[in-house]
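Data block below; observations after.
The values are calculated or read from the model by the stated rules, or taken from the named source; none is laboratory data. As the structure is a computational prediction, the values presented were derived from the model and not from experiment. Backbone-built Cβ (ideal geometry, glycine too); neighbour counts: all protein chains shown.
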Amino acid sequence: MDYQALSNRYGTPLFAYDFDRFSAQYALLKDAFSGSKSLIAYAVKANSNLSTISHLAAQGAGADCVSFGEVKRALIAGVPKYKIIFSGIGKRDDEIAGALNEDILFINIESEAELARVEAIALELGKVARISIRVNPAIDPKTHPYISTGLRENKFGVDIPTAQRLYLHAKNSAAVDPIGIHFHIGSQLTDLAPILEAAHKVAELARTLIALGIELKFFDVGGGIGVVYKDETPIDPNEYAKGILSAIKGLDLTVICEPGRFLVSEAGFFLTRVLYEKRSGDKRFVVVDGAMNDLIRPALYHAYHRVEVVGKPSADANETLCDVVGPVCESGDFFAKNLPLPPIVRGDLLAIHTAGAYGFSMSSNYNTRRRAAEIAVENGVDRLIRERETYDDLFASETKLLKASK
Ligand SMILES: Cc1ncc(COP(=O)(O)O)c(C=O)c1O
């Protein structure tokens, strides 16, 4: 990817994605399940650009959505409704009704109270809600606490005895049809063992439920497959698939995976130009035009992202330590701390790696900054997939409400 040419053409800050690598990651996981029934339902939250979703849908992907807004995105992007799942612990009535009216594959239920709402809304609408229940298997996924979800203290899913009770209730309800079972223990997982432990625990519950006459069709193992930000050893997709398939051996279930990061993170780059270099005593700061409002992961999780100075050798003898920071008025606004960088001049371009997932989709307008543009490169051809916001875009929903000054 020619970072310099792309930055010249589209300006910075800029998110650039290699769509061919998105397809390659999709194929890697899909092929790992070859010979078995599987659906790769892309976790839209990782990178929700319509073109990203549409590109993955064209490869055969479905969509795992966590708001009705994401369901709408998936539909607009061309994901068939029978490949769309709606997850999340806090669905509003209008979102539940929206999902039922769109007739998506199923709704993932996260609590007893939510099951009651889905059942009531389905009855009101005269529909039968296809559901899956998210089981919290109480397993430590050994990842960052903010992205671990399968522990008892996490807010997600229901414990195994509750799940069993809810399935029995659902079986006897005319308004819900329990067709799936689901777990997701966390994100950026680099250890396969806890995933497989969870798969075996949930598969055991699936066997019990099937024996009780509940006709499950889907075994939804969530997302969470980790990627390489620095020096992690990632999970081998073939080992992952083999382990999951062995957990459900003998059961006639379609495996659903909900990868987000795995599909899109390594093929995404955040491009930002240097505005200034400044010193404060011994401390060196490189101030760039991108900020935490564009890519919040370092500020939020102290996440590591490799920073490359485009066109300059990485092991320069004149390197000194610096913090790479953005213009936002927060001390947490940094991309790297104590990073050795060569001498820098205004206008130098930095490529921040592994930024395709939870980059743009977590961005905001904090400090009244316009959100960045996004571009895709496919078969060597680049194209804009989201325009840089304009100031008019920023103010439109407020200016019309502004009282005329006296
Ligand atoms: C239920 C569910 N599925 C899938 C994902 C996607 O996770 P990842 O991007 O780590 O694959 C998440 C992320 O938090 C999630 O909560």
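Brief remarks on what is shown
- Subset of segment 213-246 (residues that are within 16 Å of the ligand (Cβ to nearest atom), over 23 Å from HIS305 (Cβ atoms) and surrounded by fewer than 15 Cβ atoms within 10 Å (Cβ to Cβ)): ASP236
- Residues in segment 351-382 that are closer than 15 Å to VAL309 by Cα and more than 24 Å from the chain's Cα centre (by Cα): there are none.
- Subset of segment 197-216 (residues that are small (Gly, Ala, Ser), part of a helix (DSSP H, G or I) and touching a residue at least 12 places away in the same chain (Cβ under 8 Å)): ALA198, ALA199, ALA203, ALA206
- Taken together, the residues in segment 365-392 that are in contact (Cβ under 8 Å) with a residue 12 or more places away in the chain, surrounded by fewer than 15 Cβ atoms within 10 Å (Cβ to Cβ) and in a helix (DSSP H, G or I) amount to 3.
- Residue list for segment 146-177, filter: at pLDDT below 65 and more than 13 Å from the ligand (Cβ to nearest atom): LEU151, ARG152, GLU153
- Condition check for LYS45: part of a helix (DSSP H, G or I), within 12 Å of the ligand (Cβ to nearest atom) and under 18 Å from the mean Cα position of the chain (by Cα): yes
So that you can scan it fast, the table gives a plain yes or no per residue for (1) within 20 Å of the chain's Cα centre (by Cα); (2) surrounded by 15 or more Cβ atoms within 10 Å (Cβ to Cβ); (3) assigned to a strand (DSSP E or B):
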{"residue": "GLU95", "(1), (2), (3)": "yes, yes, no"}
{"residue": "GLY98", "(1), (2), (3)": "no, yes, no"}
{"residue": "ALA113", "(1), (2), (3)": "no, no, no"}
{"residue": "VAL118", "(1), (2), (3)": "no, yes, no"}
{"residue": "ILE121", "(1), (2), (3)": "no, yes, no"}
{"residue": "GLU124", "(1), (2), (3)": "no, no, no"}
{"residue": "ARG134", "(1), (2), (3)": "yes, yes, yes"}
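- Among the residues of segment 168-196, the one identified as of a type outside the set (A, V, I, L, M, F, W, C), closer than 21 Å to CYS257 by Cβ and assigned to a helix (DSSP H, G or I) is PRO194.
- Inter-residue pairs, beta-carbon under 6 Å, first more than 26 Å from GLU258 (Cβ to Cβ) and in segment 345-360, second in a loop (DSSP other than H, G, I, E, B) and among the β-branched types (Val, Ile, Thr), 6+ apart: LEU349/VAL310; ALA351/VAL310
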